[in-house]
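Participant: Below: one structure in structure tokens.
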Amino acid sequence: MKISSAVGCALLALAPATVHAGGLEVGLLVDKQVGKAQTLAAPSNGLKAGNYDSVGPTGVGFRAAYTFLDLKIAGVGAVLTYHPKAEGDLKLGSNNLGKFGSEYSSVGLQADWKFIINLNAGIDYRFEKLTTSGPGLPSETTNQGRPWVRAGVGFSAPLPVVSPFVRLEVAAPLSTSSKGDSNEEFRKAMSPSFQVALYGGIRF
């Protein structure tokens with residue numbers, strides 16, 4: 001089973017198992033991922049040597065979390081996220097060669113502080129799938145795993161049954177690549193190095 005499929009199944013399985021425990025959170029993530037401009041030194045399979053612009057696709061992800069330690073004003077929980085592929089133009093100078101895509105699934109931990117303004121911090125391990133494709137390019141995929149850290153600030157409405165919330169998040173990986181000596185290394189170097197997102201959902 002693919003990693004993304006396994007995480008998706010886990011998200012679905014998590015909801016009925018925890019909704020009665022009072023610690024479930026589900027939400028939708030609308031984001032922009034930003035990479036860095038890179039140079040491809042030794043091209044093959046249709047990609048050309050040269051300086052490529054950075055790619056910054058927008059996309060939508062899905063997240064579920066379960067708070068296993070609730071201290072009323074603070075909490076610690078486990079998090080699962082699935083983000084379908086988001087694509088942006090793969091440009092070499094003024095030439096658009098095709099698309100660069102990024103998809104990921106992640107598992108992690110997060111902490112919440114519940115003041116008038118809610119604060120959130122987390123660490124995730126992302127299983128990323130990076131793709132290049134286009135009219136003159138074969139579809140190729142590179143997989144990588146990286147730890148990411150994130151932080152957010154937002155608001156919630158503590159209603160009797162559910163608590164709607166919204167949060168602005170930023171995230172960055174703890175490791176990046178800058179080598180472009182092959183197509184695979186090039187895709188890793190082009191992968192997102194920063195993410196900003198608006199995240200909203202409900203807590204039970």
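The values are calculated or read from the model by the stated rules, or taken from the named source; none is laboratory data. Just so it is clear, the model here is predicted, and its values are computed rather than measured. So basically every Cβ, Gly included, is an ideal-geometry build from the backbone, and we count neighbours across all protein chains shown. We work out accessible area using only protein heavy atoms, side chains counted, and drop any ligands, DNA or RNA first. Shrake-Rupley method; radii C 1.70, N 1.55, O 1.52, S 1.80 Å.
Participant: I'd like to check which strands (runs of 3 or more DSSP E) are fully inside region 23-69 and have at least 3 residues that are modelled with pLDDT of 90 or more.
Facilitator: Working: elements: 24-34, 38-40, 50-52.
Once the strands (runs of 3 or more DSSP E) in region 23-69 are filtered for at least 3 residues that are modelled with pLDDT of 90 or more, what remains is 24-34.
Participant: What is the one condition in (1) modelled with pLDDT under 95; (2) touching a Leu at 6+ places or on another chain (Cβ under 8 Å); (3) part of a strand (DSSP E or B) that TRP148 does not satisfy?
Facilitator: Every condition holds for TRP148 apart from (1).
Participant: Would you be able to tell me the number of residues in region 108-130 that are among the acidic types (Asp, Glu) and more than 14 Å from the chain's Cα centre (by Cα)?
Facilitator: To start, the set of residues in region 108-130 that are among the acidic types (Asp, Glu) comprises 112, 124, 128.
If we keep only those that are more than 14 Å from the chain's Cα centre (by Cα) as well, we get 112.
Of the residues in region 108-130, 1 are among the acidic types (Asp, Glu) and more than 14 Å from the chain's Cα centre (by Cα).
Participant: So, one more: Checking ALA157 against (1) at pLDDT 95 or above; (2) touching a Ser or Thr at 6+ places or on another chain (Cβ under 7 Å); (3) not β-branched (Val, Ile, Thr), which test does it fail?
Facilitator: (1)
Participant: Next question, about the same structure. Out of region 156-188, which residues are among the acidic types (Asp, Glu) and either over 17 Å from LEU29 (Cα atoms) or open to solvent by 80 Å² or more (accessible area, probe 1.4 Å) (or both)? Quick ask: steps written out before the conclusion?
Facilitator: Narrowing region 156-188 to residues among the acidic types (Asp, Glu): 169, 181, 184-185.
Matches in region 156-188: ASP181, GLU184, GLU185.
Participant: Right, something else. Considering region 73-98 alone, what residues qualify as being farther than 24 Å from LEU28 by Cα and part of a loop (DSSP other than H, G, I, E, B)? Spell out the reasoning first.
Facilitator: Quick first cut of region 73-98, residues farther than 24 Å from LEU28 by Cα only: 89-98.
Across region 73-98, the qualifying residues are GLY93, SER94.
Participant: Out of SER94, SER133, report the one residue that is over 18 Å from the mean Cα position of the chain (by Cα), open to solvent by less than 30 Å² (accessible area, probe 1.4 Å) and either farther than 21 Å from VAL170 by Cβ or modelled with pLDDT of 95 or more (or both).
Facilitator: Numbers: SER94 fails: open to solvent by less than 30 Å² (accessible area, probe 1.4 Å).
Residue meeting the stated conditions: SER133.
Participant: Restricting to region 100-122, and then to whatever is open to solvent by 80 Å² or more (accessible area, probe 1.4 Å), part of a strand (DSSP E or B) and not aliphatic (A, V, I, L, M), can you tell me which residue is nearest to ALA157 (Cα to Cα)?
Facilitator: Within region 100-122, the subset open to solvent by 80 Å² or more (accessible area, probe 1.4 Å) is 109, 113-116.
Cutting the leftovers down to part of a strand (DSSP E or B) gives us 109, 113-114.
So of that shortlist, the ones also not aliphatic (A, V, I, L, M) come out as 113-114.
On the way: TRP113: 14, LYS114: 11 Å.
Restricting to residues being open to solvent by 80 Å² or more (accessible area, probe 1.4 Å), part of a strand (DSSP E or B) and not aliphatic (A, V, I, L, M), the top hit is LYS114.
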